[in-house]
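Colleague: Quick one: this structure, given as C-alpha cells, is what I'll be asking you about.
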Amino acid sequence: MITGRVIGEITATIRHPFFEGKKMLVVARTGADGAETGDYVVAIDAVGVGPGDPVLVLDEGNGARQVVGSATAPVRSVVVGFLDRVDLA
Amino acid sequence: MITGRVIGEITATIRHPFFEGKKMLVVARTGADGAETGDYVVAIDAVGVGPGDPVLVLDEGNGARQVVGSATAPVRSVVVGFLDRVDLA
Amino acid sequence: MITGRVIGEITATIRHPFFEGKKMLVVARTGADGAETGDYVVAIDAVGVGPGDPVLVLDEGNGARQVVGSATAPVRSVVVGFLDRVDLA
Amino acid sequence: MITGRVIGEITATIRHPFFEGKKMLVVARTGADGAETGDYVVAIDAVGVGPGDPVLVLDEGNGARQVVGSATAPVRSVVVGFLDRVDLA
Amino acid sequence: MITGRVIGEITATIRHPFFEGKKMLVVARTGADGAETGDYVVAIDAVGVGPGDPVLVLDEGNGARQVVGSATAPVRSVVVGFLDRVDLA
C-alpha cells in the first residue's frame, strides 16, 4: 500500500458497467514525510474522500477487487482508507 | 489506472488468436497536469479511440482480461475509457 | 522480497474488516548494504516488529494473503520476518 | 505490453522441465521512437525471432502462461509477436 | 525474468513454515553486459547456487510458487537457474 493525497477527480466515458457511479480520483503519491513525490495514480474511491484528503491506496488488482466487492471488476488501484496519522519514529 | 494520450498504432505479426482484429495502440503516459511523462505503454483498444485522444488505461492482467471479455487473453494493458476531463483541486 | 527498516506506524480509518486490529507499518526500503534507498512501503505487520527493526517484506498480493491467512484480504505488502543478518560475499 | 529488440540469447542450467528446448532471449526495451531505453528483459521466445528483430513482449505472468500453453509455467515475460510497424501520429 | 549475481545471504526469523530450511539470497541485478545495475532483490534459492554465481531470477509470484512446488508459498522471487552464458549479437 502507498500513501497519497487526493488532488483531483477524473471524468471518463467508459463502457464497462463496473464504473457506473464510481468516483475516480487523482491521487498524488506522498512520501513517509507527507511530501508529494511527483508520482500519481488514478484510484477508485471506496471510502468517500475528496480533494485534499490524505489517503491510503491499495495498488494490487486482486485485493482491490475484494475491496470493491466484485471478483470481476477491472480495477487495480483503490482508496481503502482515510489517513489519520503517520507517526515516524 | 493511468492516464495517457494515444500517439500511434502498432502492427505486429502475432500467432495468438486473441489478437486477430484487435487494435494495438501506443499510449504516451501523461501526468496529472496532462503533460507527457516520457513513458509509454502498448495497450489493446477496448473503446474505439484514435491518435491524439486522451485515455484511461488499465495496466493489470486479470482486470484487463475482464474488460476484453476473455479469461485467457494474453493481455496486460487495455484502454478502458476516453478521458473527458481532469478536475484538479 | 525486499529488505527494509521500520520507521513509523500509520493510523487510518478503513471500513474493510480485514484491517481491524492490524498494525500498519511504514517501512523504509534498504539496499544490500543496509542503507535506506529513499523509497518506502506501507506494510501489514505479521511478525510483531517495531520502530528501528530491520525487516523482510513480501511485496506480492497472493503471497501476502497466504501470510495473513486470508484468501480475501485486500493486502499487497506484509512484513514476514525480522532480518537477523545480511552476509555479503 | 512493451516493444523491444532482440539483442542476444541466454544459456542457463535450469532444473524446471518447462525450460527444456525453450529459447531465452535478451530483449532491449525500445521507446515509441524505436530507440533503446537502456532497460532490458529476459523473455521466452514464442514466435521464432532472432538477434536484431523488433518484437512485442508481454510482461505479465498469467497472460504469458496462456501464450506458452501451460498453466503452470514459471514464466513472466514472453515474446508474443514480431513488430512489423509502429505508426506514430 | 532478470539476470543477476549472488552477492550474499540473508538470515531472518520468519514464522511462516515455508521458509524453514530455505536459503535466501541477496542477488544484485545485472544488465545485458553483466555489470551490476545497483538494484537488487532477495530471492529463494531453487538451484543450489552461492556467492559470486551468475543467476537467472524469476520475479513473479504465481510462477515462483510453481518452481518451489507450493501453491501457497509466500514468495515472489526465486533463483531458477545458473546463468551459463549470455551471447550478445
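Every number in this text was worked out from the coordinates using simple rules, so none of it is lab data. Keep in mind the model is a prediction, meaning the values are calculated, not measured. Don't worry about glycine lacking a Cβ; one is built from the backbone with ideal geometry, like all the others, and counts go over all protein chains shown.
Colleague: Give me a comma-separated list of calculated 3J(HN,Hα) values for segment D:25-32, in order, Karplus coefficients 6.51, -1.76, 1.60 applied at θ = phi - 60°, integers in Hz, x for any Gly or Pro.
Modeller: Karplus values, whole Hz, x for Gly and Pro: 9, 8, 10, 7, 5, 10, x, 4.
Colleague: Which whole-number percent gives the relative contact order of segment C:46-89, counting Cα pairs below 8 Å spaced six or more residues apart?
Modeller: 48
Colleague: May I ask you to derive the FRET efficiency for A:Lys22 and A:Leu88 from their Cβ-Cβ distance with R0 = 41 Å, giving the value to the nearest 0.05?
Modeller: Taking R0 as 41 Å, the efficiency between A:Lys22 and A:Leu88 is 0.80.
Colleague: Going by how many other beta carbons lie within 10 Å of each one, how would you line up B:Lys23, A:Lys22, fewest first?
Modeller: Fewest-to-most ranking of B:Lys23, A:Lys22: A:Lys22, B:Lys23.
Colleague: Which whole number gives the average count of other chain Cβ atoms within 10 Å of the Cβ atoms across peptide B:50-57?
Modeller: Whole-number average of other-chain Cβ neighbours for B:50-57 is 2.
Colleague: So which residue, out of A:Ala71, A:Ala28, A:Ala12, gets the largest mean-square fluctuation from a GNM of chain A using Cα contacts under 10 Å as springs?
Modeller: Top of the fluctuation ranking is A:Ala12.
Colleague: Oh, and also: Taking the label point 7 Å from Cα in the Cβ direction, how far apart in nm is B:Gly38 from each other copy of itself, listed shortest first?
Modeller: 0.8, 0.8, 1.4, 1.4
Colleague: Please compute the average number of Cβ atoms from other chains found within 10 Å of each residue's Cβ in peptide B:14-20.
Modeller: Mean partner shielding for this stretch: 5.
Colleague: In peptide A:74-85, what is the residue-averaged number of other protein chain Cβ atoms found within 10 Å of each Cβ?
Modeller: Per residue, the average neighbour count from other chains is 6.
Colleague: Specify, for chain B, the residue whose C-beta is closest to the rotation axis mapping it onto chain A, with the distance given in whole Å.
Modeller: Result for the axis mapping B onto A: B:Asn62, 6.
Colleague: So what is the relative contact order for chain D, in percent, with contacts set as C-alpha pairs under 8 Å and at least six apart?
Modeller: Relative contact order, chain D: 30 percent.
Colleague: Expressed as a whole number of Å, what is the distance separating the alpha-carbon centroids of segment B:17-31 and segment A:58-78?
Modeller: Each part reduced to its Cα centre gives a spacing of 23 Å.
Colleague: Restricting to chain C, compute how many DSSP beta bridges are antiparallel as a %, nearest 5.
Modeller: Roughly 90 percent of the beta bridges in chain C run antiparallel, per DSSP.
Colleague: Additional query: For B:Lys23, enumerate residues with amide H under 5 Å from its amide H, sequence gap 5+ or separate chain, H modeled in the peptide plane.
Modeller: Amide H neighbours of B:Lys23, under 5 Å, 5+ apart: B:Asp45.
Colleague: Considering only the label points, 7 Å along Cα→Cβ from Cα, what distances in nm to one decimal separate D:Gly69 from the same position in each other copy, shortest first?
Modeller: 2.7, 2.7, 4.4, 4.4
Colleague: So the label point sits 7 Å from Cα along the Cα-to-Cβ vector; using that for D:Ala89, what distances do you get to the other copies, in nanometres, sorted shortest first?
Modeller: 3.1, 3.1, 5.0, 5.0
Colleague: Sum -39500 (n - 2.57) across every DSSP H segment of at least 4 residues in chain A, then divide by the residue count to get the 222 nm mean residue ellipticity, nearest 500.
Modeller: That calculation yields -2500 deg cm²/dmol at 222 nm.
Colleague: What percent of all Cα-Cα pairs in chain B falls into each 10 Å bin, going from 0 up to the bin containing the maximum distance?
Modeller: Answer for chain B: a P(r) of 18, 51, 26, 5, 0 percent.
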